[in-house]
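What follows is a short report on a single structure.
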Amino acid sequence: MRIGELAARSGVSVRSLRYYEEQGLLVSTRSGGGQRHFTQDDIARVDFIQRLYVAGLSSRTILELMPCRDAPSDENSNSALERMAQERDRLSAHIEELLNTRDALDGLMATARADRDGRRAAA
């Protein structure tokens, strides 16, 4: 199937599919005229890639996880699970940083409100 059909069947834009190919996540064959051609399996591959993006993974990390899908084995599964655990830890640390930032902002807002309310009471 050509790229437009893959886009329609997978619900992903042609631009995204080209990006996936550029990043090594998706591979096409080329016709004599240079048109990209994909297989039926690429629909499921794109869905897998999309789910990993939704989980917050980068294209580089997704590429590291593809052997788990392309060549299932205990070794590939273990590597994928370890890599996903690392990403989860990274996300957890980022969430903690965001919570601390929010708490700092809450403190600044409380100070600003107290200052405003003190000026109003003095007036």
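Residues in the range 75-84 carry Karplus couplings, in order, of 4, 5, 5, 4, 4, 5, 4, 5, 5, 5 Hz; the curve used is 6.51 cos²θ - 1.76 cosθ + 1.60 with θ = phi - 60°, and Gly or Pro positions show x. Over the chain, dividing the summed -39,500 (n - 2.57) contributions of all DSSP H runs of at least 4 residues by the number of residues returns a 222 nm mean residue ellipticity of -25500 deg cm²/dmol.
The candidate values were [x] 11.8; [y] 13.5; [z] 7.0; the one computed from these coordinates for mean projected area of the Cα convex hull in nm² carries the label [x].
Using the Karplus relation 6.51 cos²θ - 1.76 cosθ + 1.60 with θ = phi - 60°, the per-residue 3J(HN,Hα) values for the range 2-9 come to 7, 4, x, 5, 4, 4, 5, 6 Hz, with x marking Gly and Pro.
We did not get these values from a lab; they are worked out from the coordinates using the rules stated. Computed from a predicted model, the values in this text were never measured in an experiment.
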